[in-house]
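Below is one structure, written out as structure tokens; the observations come after it.
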Amino acid sequence: MMMNNLEYNSIRVSSPSNIAFVKYWGKYGEQLPINPSVSMTLQNCVSIFDIHFKELSDNPIENFQFESKENLKFKKRMNDFLISIKEHLPVLSKYSLSITCSNTFPHSSGIASSASAMSAIVFALLRFDNKDELSSKQLQKASYLARLGSGSACRSLYGGIVHWGASELDNSNDKFASPLNSVDPIFESLLDSVLIIDNKEKKFSSTFGHSLMNNHPYKEARILQANKNTHDLISALRDGDIKSFGRIVENEALSLHGLMMTSDPSVILLHPNSLKAIDSIKAFRTENQIDMYFTIDAGANIHLIYFEKDKNIILRFIRESLSSLCIDNKVIHDQYGNGPKVLSITKANFNVD
Ligand code: DP6
């Protein structure tokens, strides 16, 4: 008789969020981006997923706890996502899942939890089904599937600098992301301190946000701009050209918000303190001749992007001039990261009695 010790089947993984330097904004078809994007994978802001494999039942997810509580909305989103990609994940035709998950970063901090969560679940399920580390082909599959859960999640499968979306780069395409290989080592010392200026729930879903590009009067110009910024950013990353890097990163952040403000309906997500922070960052940069830039996602929080070499002076600047603009002086410190990892894996022995 074949016995399957279900309770011993488990995997625990961590998968990071990422911050976009060239922004994905606008999508078509099945979560395909209208323009290429480039991001940096984070190191500290991760989702941790603990998955236990249970006897197969009607649903892929049997139990689901987020931050030690049942969360029916999140459970439903995950369950629907897994149903939609079930045919690509053989493990889901053998088991149902009991999931306990948490994030190392606060809810509504403007750090994309869908990117870390969707990449974590896909990574865990593919890795569990595999004897060894995922090959680069399998990582492509993971990136492809994570994209279907949340576009930006496809970039979280890789460490370092990652690009996604068809561009003039070799191997680039809309279906999955790829790591950028030729990057000057200075960029491995990038730091990202997130100023928590607003910690309220997002005002709208990301899908609604992307839909604002559908009939946007600047759509064609935006696609050209994102392609040029992708091209120029990749050159700057390759050549270690920090000044061009910073100029493009800030241009992308303000373009994203410019697009939101000029769409119909228009959306203003920046807070007065976001603008104050931007002013201070620019003034401090000019006064001190320091390589320090900002980027912003679809929210009010400001990501301060700088290098290890300037860490001490910038941490002092944050303490003295920026943290008072944040809710409860909150700043989350992160850095260039390595991508998803397996924390533990246990596979049952299939005993023949
Ligand atoms: C502004 O990946 O959250 O952060 O595909 O609908 O899940 P969905 O959208 P999502 O959009 C991210 C938008 C952004 C820019 C970026 O990360 O590139």
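Any read-out appearing in this document is the output of simple, stated calculations on the displayed coordinates, not a laboratory observation. Just so it is clear, the structure is predicted and the values come from calculations on it, not from any experiment. We place every Cβ from the backbone using ideal geometry, glycine too, and count neighbours over all the protein chains shown.
Data table
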| read-out | value |
| --- | --- |
| Ratio of Rg to Rh over region 1-124 (Cα coordinates, Kirkwood Rh, two decimals) | 1.01 |
| Magnitude of the charge dipole, region 85-187, Cβ model with Lys/Arg +1 and Asp/Glu -1, debye to 20 | 380 |
| Rough spin-label spacing in nm, given labels placed 7 Å along Cα→Cβ, for N71 and F204 | 2.4 |
| Surrounding net charge for K23, when Lys and Arg each add one and Asp and Glu each subtract one, Cβ distance under 10 Å | -1 |
| Kirkwood Rh (inverse of mean 1/r, distinct Cα pairs), region 182-311, angstrom | 15.9 |
| Under-5 Å amide H pairs with L269, H placed in peptide plane, nonlocal only | none |
| Cα-based reach from K54 at 12 Å (exclusive), listing aspartates and glutamates while leaving out same-chain residues under 8 positions away | E7, E62 |
| Leading residue at positive end of dipole, region 175-314 (Cβ point charges), from G258, G209, P179 | G209 |
| Burial ordering of Y218, Y306, Y336, fewest other beta-carbon atoms within 10 Å first | Y218, Y336, Y306 |
| Sites E30 and I223 - FRET efficiency at Förster radius 22 Å, r taken between beta-carbons, to 0.05 | 0.70 |
| Whole-Hz ³J(HN,Hα) from phi, Karplus 6.51 cos²θ - 1.76 cosθ + 1.60, for region 202-210, glycine and proline x | 4, 6, 8, 6, 5, 4, 4, x, 4 |
| Along principal axes, Cα extents of region 221-273, largest first, whole Å | 40, 28, 8 |
| Anisotropy class of region 109-184 from Cα gyration tensor, a/c 1.5 cut | oblate |
| Estimated dipole of the chain in Debye, rounded to 20 [Cβ of Lys and Arg +1, of Asp and Glu -1, Cα centre] | 340 |
| Within straight-line cross-link reach of K23, lysines at Cα separation under 23 Å, skipping those fewer than 8 residues along the same chain | K141, K175, K200, K202, K203, K219, K228, K243, K276, K282 |
| Net dipole in debye of region 227-353 [+1 Lys, Arg Cβ; -1 Asp, Glu Cβ; about Cα centre; nearest 20] | 220 |
| Calculated [θ] (222 nm, deg cm²/dmol) that DSSP helices of n ≥ 4 give over the chain, each run adding -39,500 (n - 2.57) | -10500 deg cm²/dmol |
| For the chain, built as a Gaussian network whose Cα springs stay under 10 Å, the top-fluctuating residue of F21, F123, F74 | F74 |
| Amide N of region 9-36 lying under 15 Å from the label point, which is placed 7 angstrom from the Cα of K94 along Cα→Cβ | 9-11 |
| Which of F208, F187 has the fewest Cβ neighbours within 10 Å, and the rest in rising order | F208, F187 |
| Positive dipole terminus of the chain, leading residue within N59, L343, A166 (C-beta point charges) | N59 |
| For region 144-159, Karplus couplings with θ = phi - 60° (6.51, -1.76, 1.60), whole Hz, Gly/Pro x | 4, 6, 4, 4, 5, x, 6, x, 5, 5, 5, 7, 7, 6, 10, x |
| Nearest-0.05 FRET efficiency for H107 and D58, computed from C-beta distance (R0 25 Å) | 0.25 |
| Proximal charge balance of C45 [Cβ under 10 Å; K/R count +1, D/E count -1] | -2 |
| Helix axis angle, 219-239 relative to the chain longest principal axis, alpha carbon, degrees | 90 |
| Binned Cα-Cα distance frequencies in the chain - 10 Å width, integer % | 5, 25, 33, 23, 10, 3, 1, 0 |
